[in-house]
1. Kindly list, by first and then second residue, each pair from a residue in the range 233-251 that is at positive phi to a residue that is at pLDDT 90 or above, limited to pairs with Cβ atoms under 6 Å and residues at least 6 apart or on different chains.
2. Name every residue in the range 378-391 that is outside any strand (DSSP E or B) and either in contact with a helix residue (DSSP H, G or I) (Cβ under 6 Å, 6 or more places away or on another chain) or closer than 18 Å to A352 by Cβ (or both), in order of residue number.
3. From the list G281, G258, pick out the single residue that is of a type in the set (G, A, S) and under 20 Å from S165 (Cβ atoms).
4. Which is hydrophobic (A, V, I, L, M, F, W, C), free of Cβ contacts under 8 Å to residues at least 12 places away in the same chain and not in a strand (DSSP E or B), of A179, A198, A222?
5. Have a look at F239, F230 and point out the one that is in the same structural domain as S338 (by TED's automatic domain parsing), within 30 Å of the chain's Cα centre (by Cα) and more than 19 Å from H329 (Cβ to Cβ).
6. Among the candidates G245, G250, which residue alone is of a type in the set (G, A, S), surrounded by 15 or more Cβ atoms within 10 Å (Cβ to Cβ) and farther than 18 Å from V161 by Cα?
7. With the requirement that a residue be under 23 Å from Q271 (Cβ atoms) and either aliphatic (A, V, I, L, M) or under 16 Å from the mean Cα position of the chain (by Cα) (or both), what does the range 327-343 give you?
8. Residues in the range 388-420 that are at pLDDT below 80 and of a type in the set (D, E, K, R): how many?
Amino acid sequence: MQETPTVTAAEVARLAGVGRAAVSNWRKRHADFPAPVGGTSASPEFDLTHVEQWLRAQGKLPELTTAERLWRHLAAASESPAAGLAAVGALLLARQRGRRPRRPADPQLTPLLPDVDALVDELGPQGAFDELWQRFSAPGPGRAFATPDEVADLMVGLAGVGGDSVLDPAAGSGAMLRAAVRAGSASAHGQELDEGLARLAGLWLALRDVPGEVSTGDSLRADAFTGRTFDAVVCHPPFGITNWGEEELGHDPRWIVGVTPRTEPELAWVQHALAHLRTGGHAVLLMPPTVASRRAGRRIRAELLRRGALRAVFALPSGAAAPHAVPLHLWVLRRPASDAPPPARALLVDAAGGDLAETGPRILAAWRQFTATADAEVDEAGFARAVPVVDLLDEEVDLTPARRQPTDTGGDTGEHLVRTRERLAAVVADLPALMPQVAPVADGQDGQFLTVGELVRAGTLRLLGPIRAASPEGGEPSAGGPPVLTVEDVLNGRAPSGRDDGRLGPEIRLAAGDVVVPMIARQLTAGVVTTGEALLGRNLYLLRPNPTVLDPWFLAGQLRTSANERQASSLSGTSRFDIRRAQVRRLPLDEQRAYGDAFQRLDAFESAIRQAASLGAELARLTADGLARGALSPVEPGAATTGPLRRQKDRRKSPKDH
């Protein structure tokens with residue numbers, strides 16, 4: 001660690017919730033602003049402690065939680081955030097086991113010990129580590145992308161992880177292993193090339209007394225689990241690594257379906273996963289989509305199919321995991337018994353449209369339908385198909401799900417197109433009436449503001465959540481459980497779409513007038529609950545205002561401003577928000593209600609805009625599909641149609657017709 005924690009000017013701006021230009025102005029106008037202690041003239045660095053003291057004296061430092069303050073000092077002081085967090089994690093583990101060392105292993109941690117102790121007293125060692133982990137795992141400069149919990153949970157669900165042993169040979173900081181533990185895994189094991197990340201993953205398991213270990217090293221070149229097999233393997237391997245050891249591993253016994261080509265490193269991970277599976281066990285790997293069709297890998301793909309090892313490929317929506325612009329695939333493999341006949345079908349699911357919150361349950365349902373009986377038939381137009389293996393073993397062995405889906409005949413394309421066009425026209429016609437009428441205020445003043453934290457302390461507001469997933473006691477979640485409001489529901493302004501999976505702890509029931517805010521999102525978003533009965537989903541703040549002093553629509557509108565987006569975002573500049581730092585303007589209740597009405601109308605306007613965009617995209621797709629198939633034909637401008645888009649023909653009369 002560095003002897004003196006430092007921050008750049010950009011980080012000072014994020015600390016204070018202002019723009020970079022404001023920091024430049026402070027340096028010019030205030031002679032007592034801390035002088036640079038490092039960096040360059042173009043990018044100076046400042047002592048973090050001195051900066052915080054100056055900001056606090058100027059009344060410019062928002063109130064910080066103990067966890068946030070500790071993380072900021074830790075991140076600023078550490079050459080490697082992973083190593084810094086691992087060092088604190090070792091202290092927390094010692095505290096949990098009743099051993100408190102006289103001094104930390106790294107003497108630079110000594111100034112942080114009071115905040116470490118305060119956080120442990122507040123949350124316990126596990127909770128303290130989790131709070132710091134949440135801040136570490138947010139994307140930021142110099143940090144590896146962690147597999148999102150939603151993807152990891154889906155993967156362990158497909159692998160059928162229950163009370164079994166699990167291996168992740170590319171563990172990272174442990175996202176897959178944590179998902180496996182949430183699903184009830186009896187033991188979790190992993191290997192990771194980065195020593196700091198491996199320590200973090202191991203510490204998380206140790207703090208929960210989960211049997212297992214996370215080794216450091218290259219899984220392909222130096223397998224830490226040679227000869228060992230597990231009930232399930234889940235893995236998000238590195239993509240596109242050219243120097244993965246192909247020359248030295250040419251005759252490796254893990255290549256059970258053939259030598260892996262040099263240009264197919266992801267297929268090396270596939271075979272590595274298969275080699276560590278017990279007979280009948282499943283492996284699920286997150287893969288780039290090109291692996292399903294690259295010519296160099298067609299021999300390996302064909303052999304995986306022939307032997308019954310590759311059971312399914314699922315195309316996920318774009319943005320499900322890094323790299324976010326690519327619609328990644330999930331490959332599900334099974335270690336077949338040596339004397340078992342190969343299955344006749346493989347499941348291909350195209351879930352690239354929509355978002356994972358909607359398609360995840362459909363993916364699991366399709367997989368369970370496919371595995372309910374041997375060689376089950378699945379045929380859902382445009383989404384899922386159990387394809388005969390013999391059909392896949394063509395010249396290309398292309399396993400891209402979208403290219404193998406049954407085609408919707410579209411017999412009612414014309415009717416559907418007309419209905420969609422009418423719905424779009426109706427929505428667009430309503431837009432002017434939905435937009436709230438506003439006018440500039442002459443010499444308008446910003447007025448006084450209170451933070452959400454101050455409103456909570458004053459009793460004006462209750463702050464609940466965000467909640468995390470809790471380890472289930474066992475059994476399948478009830479399909480008839482109460483609805484759950486998810487982050488995606490709030491971001492898309494829709495009704496609760498999730499279902500209670502038995503892992504919400506605690507269960508918080510929503511009430512009309514509650515305001516919900518995602519903890520992690522691309523931009524700060526606030527929604528108002530209009531009906532009760534649903535449960536609060538994971539990673540959502542719930543703000544419950546006292547309706548006699550605070551209007552919920554006014555509160556939601558105040559929270560979602562760009563100023564609060566800067567104010568509530570983390571120091572690292574990520575899309576993680578601490579809503580307690582957001583500011584709300586002080587106004588009498590009757591004025592709040594007037595503003596609240598405008599915010600509510602604006603919310604309805606935005607909802608209509610989203611609906612119009614969705615209908616417009618659907619209309620364009622229907623029209624393109626119909627024209628391409630010949631179900632629709634172009635008409636001349638002004639020509640009449642009879643029936644739903646009846647084909648128009650030029651019937652100009654010739655002279656002999658008279």
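The values are calculated or read from the model by the stated rules, or taken from the named source; none is laboratory data. Everything quoted here is computed from the prediction, not taken from an experiment. Here the Cβ positions follow ideal geometry from the backbone for every residue, glycine too, while neighbour counts run over all protein chains shown.
1. G245/L220; G245/R221
2. Start the filter on the range 378-391 by keeping residues that are outside any strand (DSSP E or B), which leaves 378, 381-383, 389-391.
Correct list: V378, A381, G382, F383, V389.
3. Working: G258 fails: under 20 Å from S165 (Cβ atoms).
Step by step, each of G281, G258 is checked, and only G281 is of a type in the set (G, A, S) and under 20 Å from S165 (Cβ atoms).
4. On the way: A179 fails: free of Cβ contacts under 8 Å to residues at least 12 places away in the same chain; A198 fails: free of Cβ contacts under 8 Å to residues at least 12 places away in the same chain.
Going through A179, A198, A222 in turn, the sole match is A222.
5. Details: F239 fails: more than 19 Å from H329 (Cβ to Cβ).
None of the other options fit; the residue is F230.
6. Values: G250 fails: surrounded by 15 or more Cβ atoms within 10 Å (Cβ to Cβ).
Selected residue: G245, the only one of G245, G250 that is of a type in the set (G, A, S), surrounded by 15 or more Cβ atoms within 10 Å (Cβ to Cβ) and farther than 18 Å from V161 by Cα.
7. Keep residues of the range 327-343 that are under 23 Å from Q271 (Cβ atoms), which gives 328-343.
Within the range 327-343, L328, H329, L330, V332, L333, A337, A340 meet the criteria.
8. Step one: filter the range 388-420 for residues at pLDDT below 80, giving 405-420.
The next check asks that each one be of a type in the set (D, E, K, R); those that pass are 408, 412, 415, 419.
Final tally of qualifying residues: 4.
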